[in-house]
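Notes for the one structure printed next.
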Amino acid sequence: MLRQKLAQLRQRLLAAIGLGILATAIILVADYLFNDDPAVRIPADRPATRLLAIPPLLEPTDEDGVARYHLDLHAASHNFLPDRATPTFAYNQTSILGPTLRLRQGDRIAIDVTNHLDEDTTTHWHGADLPAAADGGAHSLIHPGQTWTAEFDVIQEAATLWYHPHVKYHTAEQVYRGAAGLMIIDDDNPSARSLPSTYGVDDIPLILQDKDFTKTSELDFTLTNYGKGYYYPTLTANGTIDPYLSVPAGLVRLRLLNGSQARLYHFSLDAGKTMTKIASEGGYLNRPLELERLTLSPGDRAEIVVDLSDVDRLVLLDDSFGRVLELRADPTLVAVTTPLPDRLNDIERIDPSEVDRSREFVFDSVGKGWGINGKQMEMARIDDTIRFGDTERWTLQSVSGWHVFHVHQTQFQVLSRNGQPPEPADRGWEDTIFFKNRDKIEILARFDTYANPEIPYMLHCHILDHEDTGMMSQFEIVKDL
């Protein structure tokens with residue numbers, strides 16, 4: 001076993017040296033032999049070396065009042081470092097990831113997705129409340145050379161969502177190779193008008209993924225049935241290693257997405273600074289919330305605001321990787337300096353007395369993989385049937401392993417964690433939640449927007465190792481039970 005670990009460590013060290021981080025590569029030895037996290041740590045006290053890539057905005061065409069977008073998923077190559085082309089997956093003309101779609105509440109949308117890969121794919125709109133036929137789950141396969149169209153009305157409030165493949169057994173690898181992008185919803189919330197909102201200037205998308213590289217600079221993919229999923233040693237932000245960005249000397253908004261296969265991120269700021277969380281996965285919080293630390297599990301999004309009005313630089317940190325992003329204050333850029341609004345939203349808490357039905361979902365190992373309620377995913381089996389219009393209480397329990405529950409179609413509210421009410425940061429709308437080690441979580445959700453007796457939605461673990469080894473089930477929403 002030790003010989004195998006040393007051989008794997010040697011390969012990772014060679015990759016780290018090849019990526020130009022010899023000074024920190026030695027940390028891999030202790031981390032890999034005595035820890036389960038092989039992260040290559042970037043010191044925060046030296047300048048970052050590469051400009052952060054900003055995913056382009058994808059502009060729609062107007063077709064009789066329908067905003068139509070076109071996404072083409074294809075094999076590409078990306079220079080994680082100059083002059084080293086790494087094979088990747090990407091949408092449109094990008095070299096990794098995809099463009100950002102910016103939608104508005106009330107719009108009618110059509111998104112054409114064409115598959116230029118030599119394997120099946122899907123495109124799922126993670127966090128979106130939309131019809132089952134447009135959800136892009138495992139049943140909506142796009143075969144090579146085919147185009148699939150998602151049509152829906154944008155009925156949600158402002159939020160940061162994302163899109164990615166959702167192919168049974170192959171979600172983890174396609175996302176890892178770069179098939180992912182952001183989808184931002186805007187609305188007319190007057191409280192948000194004073195927030196930083198210039199995309200790529202003071203409103204920054206940040207898609208975080210950990211990677212590993214072979215000695216020939218190819219992405220080294222691994223799927224494991226390990227309880228935490230598989231962690232890779234190199235951090236990328238929008239496909240950039242060790243990034244910096246010049247931003248206005250004022251308030252800056254970061255739209256954070258954990259697009260990793262399994263890794264959790266634990267964020268903080270340097271120089272004793274605090275961040276302000278303004279939105280969870282499903283939209284704005286009721287009030288801005290000042291935090292010293294923020295944890296994001298796979299699939300999670302959060303919007304935070306940081307303040308550079310009194311510093312020349314500010315560093316976003318992660319417990320494992322050290323520096324995530326260096327922000328450099330540029331006084332020539334127009335800055336937002338007005339205080340954040342006292343109130344951003346008015347979330348109606350779901351009353352437990354409203355519950356029509358309760359269900360339990362137990363997450364545990366099954367055979368050589370993972371399952372829910374003792375079963376592994378079967379495409380032909382509907383595991384739960386929900387009556388349209390009902391409000392349900394779901395109890396989520398981990399028997400073994402770390403898990404990130406994600407449900408399609410709806411946003412939920414956390415009622416309790418291990419019998420205690422949720423922390424203030426967890427009182428917004430959510431579509432994923434992390435739990436482990438016999439945790440028991442209660443959530444409340446309404447199913448009152450769409451019904452379809454023929455196409456199911458998914459619920460699953462968003463640690464993609466677990467999803468791809470069976471930890472997924474299906475539910476349908478019907479008008480009559």
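Hey, can you rank 397-403, 77-83, 299-305 by average C-beta count inside 10 Å, highest first?
Descending packing order for the listed peptides: 299-305, 397-403, 77-83.
Apply 1/(1 + (r/R0)^6) to the Cβ-Cβ distance of residue 423 and residue 84, taking R0 = 56 Å, and write down the FRET efficiency to the nearest 0.05.
0.85
Within the set of other residues whose C-beta is less than 10 Å from the C-beta of residue 141, count the net charge using Lys and Arg as +1 and Asp and Glu as -1.
Combined, the nearby Lys, Arg, Asp and Glu give 0.
Would you mind counting up the charge near residue 469? Only other residues with Cβ under 12 Å from its Cβ, with Lys and Arg at +1 and Asp and Glu at -1.
-1
May I have the extent of the alpha carbons of the range 271-324 along their three principal axes, as whole Å values ordered from largest to smallest?
Result for the range 271-324: principal-axis Cα extents of 32, 26, 14 Å.
What is the dipole size for the chain, taken about its Cα centre, with +1 at each Lys and Arg Cβ and -1 at each Asp and Glu Cβ, in debye to the nearest 20?
Computed charge dipole of the chain: roughly 1680 debye.
Take each of the peptides 343-352, 252-261, average the number of other beta-carbon atoms within 10 Å over its residues, and list them starting from the highest.
The peptides rank, most packed first, as 252-261, 343-352.
Taking the Cα-to-Cβ direction at residue 295 and at residue 193 and moving 7 Å from each Cα, how far apart do the two end points lie in nm?
Once both label points are built, they end up 3.9 nm from each other.
How many Å² of accessible area per residue for the range 267-385, probe 1.4 Å?
46
Take every Cα-Cα pair in the range 146-302 and report what % of them are more than 20 Å apart.
Tail of the P(r) past 20 Å holds 57 percent of the pairs.
When all C-alpha to C-alpha distances in the range 370-465 are sorted into bins of 10 Å, what percent of pairs does each bin hold, rounded to whole numbers?
Taking all Cα pairs of the range 370-465, the binned fractions are 14, 47, 33, 6 percent.
On the protein heavy atoms, probe 1.4 angstrom, tell me the percent of accessible surface of the range 314-387 carried by carbon and sulfur.
That fraction is 48 percent.
Nothing charged except the Cβ atoms of Lys and Arg (+1) and of Asp and Glu (-1): what's the magnitude of the dipole of the range 346-448 about its Cα centre? Round to the nearest 20 debye.
Approximately 500 debye in magnitude.
In 5 Å bins starting at 0, how do the alpha-carbon pair distances of the range 137-187 split up by percent?
5, 16, 20, 26, 17, 12, 4, 0
What percent of all Cα-Cα pairs in the range 319-437 falls into each 5 Å bin, going from 0 up to the bin containing the maximum distance?
It works out to 2, 7, 13, 17, 15, 13, 11, 7, 6, 5, 3, 1, in whole percents.
More than 27 angstrom separation, counting every C-alpha pair in the range 223-369; what % is that?
Summing the P(r) of the range 223-369 above 27 Å gives 36 percent of all pairs.
Work through the residues other than residue 65 whose Cβ is under 15 Å from its Cβ and net out their charges, Lys, Arg +1 and Asp, Glu -1.
-3
Can you tell me the Rg and the Dmax, both Å, for the Cα atoms in the range 78-214?
16.1, 49
Regarding the range 291-355, what's the average projected area of the Cα-atom convex hull, expressed in nm²?
7.6
For the chain, build the convex hull from the C-alpha positions and give me its volume per residue in Å³.
Convex hull volume per residue, Cα atoms: 149 Å³.
Please turn the phi angles of the range 293-305 into ³J(HN,Hα) values with the Karplus equation 6.51 cos²θ - 1.76 cosθ + 1.60 (θ = phi - 60°), one per residue in order, whole Hz, x for glycine and proline.
The phi angles translate into 9, 9, 10, 10, 9, x, x, 5, 10, 8, 10, 10, 10 Hz.
Quote the charge dipole size of the range 131-239 about the Cα centre in Debye, to the nearest 20; the model charges only the Cβ of Lys and Arg (+1) and of Asp and Glu (-1).
Dipole of the range 131-239, to the nearest 20 debye: 540 debye.
Select from 239, 179, 216 the residue farthest towards the positive end of the dipole of the range 153-249; place +1 on Cβ of Lys and Arg, -1 on Cβ of Asp and Glu, and compute about the Cα centre.
216
The values are calculated or read from the model by the stated rules, or taken from the named source; none is laboratory data. Just so we're clear, the structure is a prediction, and the values are computed from it rather than from any experiment. Ideal geometry is used to build each Cβ from the backbone, glycine not excepted, and the neighbour counts take in all protein chains shown. The area values use the complete protein model at the heavy-atom level, side chains included, leaving out ligands, DNA and RNA. Shrake-Rupley method; radii C 1.70, N 1.55, O 1.52, S 1.80 Å.
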